[in-house]
There are 2 protein chains.
Amino acid sequence: MSFLQKISSNVKNIKQLEYSALAERTNQIREELRQGVRKPYGDVIDVSFGDPHRAGLKPLSFVRQVLAACLYPQLMNSDKLPADVRHRAQRLLESCVGESVGSYTATAGIPEIVQRLSEFITRRDGGVPSYPENIYISPGSQWALTNILKILVNTDGPSKTGVLISAPCHSITTLSILGLGAVPIPYYLNEDEGWTLQVEELQRALESAKKFCNPVALYIINPGNPAGPRHVQSTSSMQEVIRFVSEKRLFLLADEVYQGCVNGDNSKFVSYKKVLAEMGPPLSDTVELASFHSASKGFTGECGLRGGYVELVNLDPVVMKHIHTLFTTGSCAPVLGQIALDLMTNPPKPQEPSYPLYHQEVQHMRTTLAENGKKACEVLNSLPGFSCQPVEGGMFAFPRVFLPPRAIQRAKETGMQPDTFYCMRLLEEAGVLSMPGCDFGQKEGTYHIRLCIVIHKDIMENLLRHLANFHQKFMMDFC
Amino acid sequence: MSFLQKISSNVKNIKQLEYSALAERTNQIREELRQGVRKPYGDVIDVSFGDPHRAGLKPLSFVRQVLAACLYPQLMNSDKLPADVRHRAQRLLESCVGESVGSYTATAGIPEIVQRLSEFITRRDGGVPSYPENIYISPGSQWALTNILKILVNTDGPSKTGVLISAPCHSITTLSILGLGAVPIPYYLNEDEGWTLQVEELQRALESAKKFCNPVALYIINPGNPAGPRHVQSTSSMQEVIRFVSEKRLFLLADEVYQGCVNGDNSKFVSYKKVLAEMGPPLSDTVELASFHSASKGFTGECGLRGGYVELVNLDPVVMKHIHTLFTTGSCAPVLGQIALDLMTNPPKPQEPSYPLYHQEVQHMRTTLAENGKKACEVLNSLPGFSCQPVEGGMFAFPRVFLPPRAIQRAKETGMQPDTFYCMRLLEEAGVLSMPGCDFGQKEGTYHIRLCIVIHKDIMENLLRHLANFHQKFMMDFC
Ligand SMILES: Cc1ncc(COP(=O)(O)O)c(C=O)c1O
Ligand SMILES: Cc1ncc(COP(=O)(O)O)c(C=O)c1O
């Protein structure tokens, strides 16, 4: 007898991403390359994830030095490490239980780190207060988001719980919602106006959803992934969203993990918490908000360490108690991920010995990101059948690709979504691993691909050259 | 308006541990000590968790050296690190995406590490084959367990899903089951016979549970936490369990995270997978089994890195596919936790330069654990009103304490469980933080406390002295 019939129907709801076929084929291709099979490329360029080290960017030396010294304190006796690194590591170890990064920490994280996170948030938001007791560190921000969703999703009621999500949307969030037995309700961002969010569209999505579920929350990614309004939302648009959630009594989930990735001249990240606070009472005292941040993104880019956090605003103390117990069931976040968060939000100060190198490395990343963003848009928009909105925040280009009807037809015959078909060809022929738009949600009849642009400059150039050549050939083949 | 009424009823089910009041009071006491308040002790001895570094044991140098070199590869140019450490770190980095521990890995973990885990399991089980595609690495084994429970728990059916758990049982597992909207069904271990498991008791628990839920799985901890049969289950008892789950069509969840902690002369850890394989068909092909292991426990003791894994046996391939998608929603396990698992299961070999120190450190831990276990039993059993079963596996002593009726009465007046009351007094008066038996489940009218014994020898002696003095005074006060 198998459990197949009996297993959780929620888990069965989680659909597999189209991307998984691409990932699988990439492994095969790499194996073929290892075995000497000749291809028009030496290795696959993997820009499928928002993962800076994956495509050639280097970690920040300061971050790695402090982490290494925390792991192996003997290093602190060596003068190879700058004095501020050693001092920082020493202080961090003193905050660890048993002075070891190998001990479990308090549920919400190491208290001193949580305290400093709240101070960072207060600074970031120009003085809007942040309280440590509202912050929970988790093994990646995704995990914190899933936990907060767990609180919001009720499987007991007569109708399913609904969560409004952008389309396009970070795909794992959609899977998490499905896995909890809830319903993702897409609201479409307006691509032609630069992926802006329109309140009328929120309204439409909400009203249509009410027929088949009970919407309780609105999830928003800012800066966007894979795309968002010029990749950074304007304050007035955020105010509209806040009024909307207040009126409709929705919980606001603000995924702000890309806050450190803003590179447009006119774009500046402003947090939902700040905008909310500045709107004053009654909104500022009542709108329930969870804001997420992560050491995976931005210039720190330490995805593999798994450190993220959530800050909760305006929650009932009894709900906070339930959140606490829920987080207890996960023990605690990885200590080195917690430390990475601390280092990301408290970088070296100008007078400290690590500052010059740190500053130089961050500047290099910043320039790379800005140049890659510009370059990607330029090249993509120069190709027939591509249209790419400007990239000023976040880590991705998300161009629309106008596929010829014959390509769409061929995709159908092979059982793939049209953009997956395009991505698969791009992988096979040009050695570029991207993600298809269908995994993120998109307007019916439109197709996209997502490319991570936080990659080494040379790789970016290489990638665009391969992509351009491939695309021209693809269009000829199917026109 | 608050979400309080609307929030998940499953999450509301998770009860707070009695321990949390003790943890909170410990923080206050430490703050008081910092502020100069005089107490009969200088600091709190914290033996509440199974967390070796918490109470003075040192991490294994080899593990920390390799991890530090992976984080900060410049260290590999230094001859301060042994050659095998550098070689190991180099090889590990080559298996990381982008050669950085800062990249996301494949869902199940770094393929080379997963492969080596399967080889470790095969060796451990005397050749019973293990397949990498059945292994998932996660941020701690608890997380993997929660994921497998998610698969098993169905909230759609007319009755709730039930999971048989030992009493006493690792408390977080109980909380996880509640948080998923399922029902924990306790089966009582027989304390008088050395915490053995009896099939008749499983039978009783199952039958009584069928009246109010749909039992689908049996969870077993071996070696036990907080207690188990001489802390290691005998093969014949394991065979009985396997026949039982097969007959009753239950999924077997074998929590084997303490497999590296066996110290009795006649005790040896044998895995459920091995016993199952040796029972031959049809059992060996049909019983569905998940076995959990972790880098948190044993001599590695790296709780803070968060690395655990599950191996699945005899699952339907379609169920495996759902498990894969479910793990996808968590991105991946922390890379350094994955590496810690690899190092734990592939320690230095006798001819390698790191071996002598590694061997010496492990021997030291082994001796400490064995001596602490013996010492704890001796001292506890010498105290009137204490009875402690031998400790030959796992990381805990779980003595029964026979509380005087007046103490029980006083506990009731203060609104605490009797053993929490005892633990609180022990904390206040002797500065020892333990866990009360009520958090683990115990026979009505019996009371216990749990003490972690994987601690520095001197701390153990200190602890036992404080405890003995406190206990005598406590008994006098309430007799
Ligand atoms: C919008 C968004 N939120 C969350 C995450 C997950 O980040 P973490 O690594 O902190 O779990 C990602 C990762 O790509 C993301 O794009
Ligand atoms: C029986 C048992 N299983 C699992 C765990 C959790 O281990 P991990 O740190 O790998 O999540 C513990 C921790 O104490 C435990 O006692």
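The values are calculated or read from the model by the stated rules, or taken from the named source; none is laboratory data. Just so it is clear, the structure is predicted and the values come from calculations on it, not from any experiment. Glycine also receives a Cβ, built like all others from the backbone with ideal geometry; neighbour counts cover every protein chain displayed. Areas reflect the complete protein model, heavy atoms only, side chains present, ligands, DNA and RNA absent. Shrake-Rupley method; radii C 1.70, N 1.55, O 1.52, S 1.80 Å.
In nanometers and ordered shortest first, the copy-to-copy spacing of the residue B:41 label point, defined 7 Å from Cα toward Cβ, is 6.1. The mean number of partner chain beta-carbon atoms within 10 angstrom of a residue's beta-carbon across peptide B:9-17 is 5.
Given a 1.4 Å probe and the protein chains as shown, residue A:300 ends up with an accessible area of around 10 Å². Working ranking of peptides B:116-127, A:331-342 by packing, defined as the average number of other Cβ atoms within 10 Å per residue, highest first, is A:331-342, B:116-127. For chain A, what is the convex hull volume of its Cα atoms per residue in Å³? Each residue corresponds to 181 Å³ of Cα convex hull volume.
Here is how far apart the residue A:359 label points are across copies: 5.3 nm, shortest first, using a point 7 Å from Cα toward Cβ. Only protein atoms count toward the accessible area here, which uses a 1.4 Å probe; on the protein assembly as shown, the carbon and sulfur part of that area reaches 51 percent. May I ask for the net charge around residue A:163, where only other residues with Cβ less than 15 Å from the Cβ of residue A:163 are counted and Lys, Arg are +1 while Asp, Glu are -1? Within the 15 Å Cβ shell, the charges total +4.
Excluding same-chain neighbours fewer than eight residues apart, the aspartates and glutamates reachable from residue A:374 by a Cα-Cα span under 13 Å are A:265, A:392, A:461. If you add up the charges near residue A:337, with Lys and Arg at +1 and Asp and Glu at -1, over every other residue whose beta carbon is less than 9 angstrom from its beta carbon, what do you get? Every neighbour counted, the sum reads +1.
Remark on region B:62-103: hydrodynamic radius 9.9 angstrom, per the Kirkwood mean of 1/r across alpha carbon pairs.
What does the charge dipole of region A:137-221 about its Cα centre add up to, to the nearest 20 debye, if the Cβ of each Lys and Arg holds +1 and the Cβ of each Asp and Glu holds -1?
Its charge dipole is roughly 440 debye.
Select from B:310, B:132, B:175 the residue farthest towards the positive end of the dipole of region B:104-345; place +1 on Cβ of Lys and Arg, -1 on Cβ of Asp and Glu, and compute about the Cα centre. Of the options given, the answer is B:175. Legend: residue pairs A:6/A:160; A:412/A:443; A:210/A:321; B:39/B:473; B:349/B:457, Cα-Cα distance threshold 22 Å; pairs beyond threshold, A:210/A:321; B:349/B:457. Counting, for every residue in A:55-68, the Cβ atoms of other protein chains within 10 Å of its Cβ and taking the mean gives 4.
Summary of packing: across the peptides A:31-44, A:305-318, B:358-371, A:286-299, the per-residue average of other C-beta atoms within 10 Å ranks them, highest first, as A:286-299, A:305-318, B:358-371, A:31-44. Stokes-Einstein diffusion for the protein assembly as shown, with the hydrodynamic radius set to the Kirkwood value over Cα pairs and evaluated at 37 °C in a medium of 0.692 mPa s, equals 113 µm²/s. Once C-alpha pairs closer than 8 Å and six or more residues apart are averaged by separation and normalised to the residue number of chain B, the relative contact order reads 21 percent. Computed on protein heavy atoms with a 1.4 Å probe, the accessible areas place B:458, A:419 in the order B:458, A:419, largest first. Here is the interface size for A with B: some 6800 Å² of accessible area buried, both sides summed, with a 1.4 Å probe. Rounded to the nearest 20 debye, the dipole size of chain B about its Cα centre is 720 debye, using +1 on the Cβ of Lys and Arg and -1 on the Cβ of Asp and Glu.
What accessible area per residue, rounded to a whole number of Å², is obtained for region A:30-120 using a probe radius of 1.4 Å? Walk me through the intermediate numbers first.
Details: 3740 Å² over 91 residues.
Per-residue value: 41 Å².
For the pair region B:136-177 and region A:291-325, the centres of their Cα atoms are 24 angstrom apart.
Provide the net charge surrounding residue B:280, with neighbours chosen by a C-beta distance below 15 Å and charges set as Lys +1, Arg +1, Asp -1, Glu -1. That sum, taken over residues with Cβ under 15 Å, equals 0. Ranking B:67, B:87, B:101 by Cα position along the charge dipole of region B:62-103, where only Lys, Arg, Asp and Glu carry charges on their C-beta atoms, puts B:67 farthest toward the positive end. Each Lys and Arg Cβ is given +1 and each Asp and Glu Cβ -1; about its Cα centre, the protein assembly as shown then shows a dipole of about 260 debye.
Projected over all directions and averaged, the alpha-carbon convex hull of region A:359-440 occupies 6.4 nm². Under 24 Å of direct C-alpha separation, and excluding same-chain neighbours fewer than eight residues apart, residue A:274 reaches these lysines: A:248, A:297.
Find the relative contact order for region A:58-152 and round it to a whole percent, using C-alpha pairs within less than 8 Å whose residues are 6+ positions apart.
Values: 64 pairs, mean separation 16.5, N = 95.
Relative contact order, region A:58-152: 17 percent.
Counting Cβ atoms of other protein chains within 10 Å of each Cβ in B:87-98 and taking the mean gives 2.
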